[in-house]
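A quick write-up on the structure given underneath.
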Amino acid sequence: MALLPILEFPDPRLRTVAKPVTQFDDTLRQLVRDMLETMYDAPGIGLAATQINVHKRIVVIDVSEEKNQPQVFINPEIDLLDESTCEYDEGCLSVPGFFETVIRPAKIRVKAFNEKGEAFTLEPDGLLATCIQHELDHLNGKLFVDHISLFKRTRIRSKLEKKHKAEK
Ligand code: GNR
Ligand code: NI
């Protein structure tokens with residue numbers, strides 16, 4: 001098992017669009033295990049491969065209270081089921097220390113594959129629906145700060161740049 005370092009905004013590598021997974025093999029399953037370990041250690045409720053500088057369409061999520069219900073989404077696709085929206089105060093392991101309200105579609109259908117290559121479909125709501133959309137954004141090179149005002153995004157960027165300079 002291995003903990004993987006997490007890229008932080010405004011690292012340009014977070015803007016990479018991830019490629020579909022084509023091989024459901026032991027290498028993939030080891031990567032999924034390492035991503036889950038990294039997510040639980042952080043701690044976070046989700047992690048996209050983009051955040052650990054692996055540009056493949058892999059997401060892990062656990063929104064359970066007890067942190068014992070890992071979910072794996074490979075090559076996820078989302079359909080919007082209606083026009084309804086929901087608001088969450090979102091955070092991100094790649095934007096540490098900042099939380100902002102993001103409005104997203106509330107009712108979605110997710111199609112994905114698990115680490116064995118089996119297809120499944122979900123109609124999540126609440127935090128899981130928000131989290132899956134947040135993670136799919138990562139795979140497309142987007143961050144939750146792209147959904148807030150330029151003013152707020154600029155302020156967050158400069159604070160994180162200062163933090164990164166202080167860490168060097
Ligand atoms: O840990 C996380 N919490 C969170 C809270 C509200 C909306 C989305 C998230 S995802 C985040 C982990 C993360 O950065 N995933 O990419
Ligand atoms: Ni995130």
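A few comments on the model shown:
- Hits in segment 143-157 - residues which are within 15 Å of ligand 2 (Cβ to nearest atom) and touching a residue at least 40 places away in the same chain (Cβ under 8 Å): Leu143, Phe144, Val145, His147, Ile148, Ile156
- Wholly within segment 53-93, strands (runs of 3 or more DSSP E) carrying at least 2 residues that are of a type in the set (A, V, I, L, M), surrounded by 15 or more Cβ atoms within 10 Å (Cβ to Cβ) and at pLDDT 95 or above: 58-61, 71-80
- For segment 14-52, a residue qualifies if it is assigned to a loop (DSSP other than H, G, I, E, B) and either at positive phi or within 10 Å of ligand 1 (Cβ to nearest atom) (or both), and the qualifying residues are Ala42, Pro43, Gly44, Ile45.
- Filtered by the rule that a residue be of a type outside the set (A, V, I, L, M), in a loop (DSSP other than H, G, I, E, B) and within 16 Å of the chain's Cα centre (by Cα), segment 116-168 gives Pro124, Asn140, Gly141, Lys142.
- Scan segment 113-160 for residues that are crowded, with 20+ Cβ neighbours inside 10 Å and aromatic (Phe, Trp, Tyr) and the total you get is 1.
- Evaluation of Ile103 against (1) within 13 Å of ligand 1 (Cβ to nearest atom); (2) touching a residue at least 12 places away in the same chain (Cβ under 8 Å); (3) closer than 21 Å to Tyr40 by Cβ; (4) of a type outside the set (Asp, Glu) (one fails), failing number: (3)
- Candidate set: segment 96-110, residues that are among the basic types (Lys, Arg) and part of a strand (DSSP E or B); chosen: the one farthest from the chain's Cα centre (by Cα): Arg109
The values are calculated or read from the model by the stated rules, or taken from the named source; none is laboratory data. All values derive from a computational prediction rather than experimental measurement. Glycine gets a Cβ as well: all are built from the backbone with ideal geometry, and neighbour counts include every protein chain shown.
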